[in-house]
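A.B. asks: First the structure, then my questions, so here it is.
The values are calculated or read from the model by the stated rules, or taken from the named source; none is laboratory data. All figures in this text were calculated on a predicted structure; none of them were measured in a lab. Virtual Cβ from ideal backbone geometry, glycine too; neighbours counted across all protein chains shown.
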Amino acid sequence: MFDFAEEKAKARRVLHEILRVPAYLFRSGDTNLDPIEIHVRPHIKFAEMGDIKGTSFAYSERETVQPKMIFWRDEIEPKRFDVVTLKDGTAYRVDSLEPPDGQTVRANIVALSKSDAENYDRPS
């Protein structure tokens, strides 16, 4: 018999393996700043708000950034205020966590300034 939940879990694992990027996680309150090597899926989304596409009603228009990061729970359980750095030198602070979704947990993140990001090592 086909087990949909099992097949979905397998597919999500494959998705994470393909799209993940190396990252360092620094635990909030850890004074020695030793990074934990992990993999994450960063999601920086742009959501347009205001104008209705394809119309000329001239509503106000703006884009909002809703950055999120997907963590694999077998690898790490992120905590609020942890800092994650990526290879490109960007760094993010975990702002809040959504309820776990099976193998993953999604975190709402806040980008650190370039000068703050330089205080943390990044993966090579």
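A.B. asks: Would you mention how many residues in the range 87-102 are in a strand (DSSP E or B), of a type outside the set (Phe, Trp, Tyr) and out of contact with any Phe, Trp or Tyr (no Cβ under 7 Å at 6 or more places or on another chain)?
C.D. replies: 4
A.B. asks: I'd like to check something: does the range 46-63 contain any residue that is within 16 Å of the chain's Cα centre (by Cα), within 24 Å of SER113 (Cβ to Cβ), at pLDDT 65 or above and not in a loop (DSSP other than H, G, I, E, B)?
C.D. replies: So the first thing to find is which residues in the range 46-63 are within 16 Å of the chain's Cα centre (by Cα), and the list is 46.
Retained after the next criterion (residues that are within 24 Å of SER113 (Cβ to Cβ)): 46.
Narrowing further to those that are at pLDDT 65 or above: none.
Within the range 46-63, not a single residue is within 16 Å of the chain's Cα centre (by Cα), within 24 Å of SER113 (Cβ to Cβ), at pLDDT 65 or above and not in a loop (DSSP other than H, G, I, E, B).
A.B. asks: Also, I was wondering about something else. So, TYR92, is that one at pLDDT below 95 and under 18 Å from PRO22 (Cβ atoms) or not?
C.D. replies: no
A.B. asks: Of all the residues that make up the range 103-116, how many are surrounded by fewer than 18 Cβ atoms within 10 Å (Cβ to Cβ), in contact with a Phe, Trp or Tyr (Cβ under 9 Å, 6 or more places away or on another chain) and not β-branched (Val, Ile, Thr)?
C.D. replies: 2
A.B. asks: In the range 103-124, what count of residues is obtained for those that are assigned to a loop (DSSP other than H, G, I, E, B), under 15 Å from the mean Cα position of the chain (by Cα) and under 15 Å from VAL40 (Cα atoms)?
C.D. replies: Initially, the range 103-124 is screened for residues assigned to a loop (DSSP other than H, G, I, E, B), giving 103, 112-113, 118-124.
Cutting the leftovers down to under 15 Å from the mean Cα position of the chain (by Cα) gives us 103, 112.
Imposing the further condition that a residue be under 15 Å from VAL40 (Cα atoms) reduces the set to 103.
Qualifying residue count for the region: 1.
A.B. asks: Looking only at residues that are surrounded by 13 or more Cβ atoms within 10 Å (Cβ to Cβ) and of a type in the set (A, V, I, L, M, F, W, C) in the range 22-45, which one is modelled with the lowest pLDDT?
C.D. replies: Checking each candidate, the answer is ILE44.
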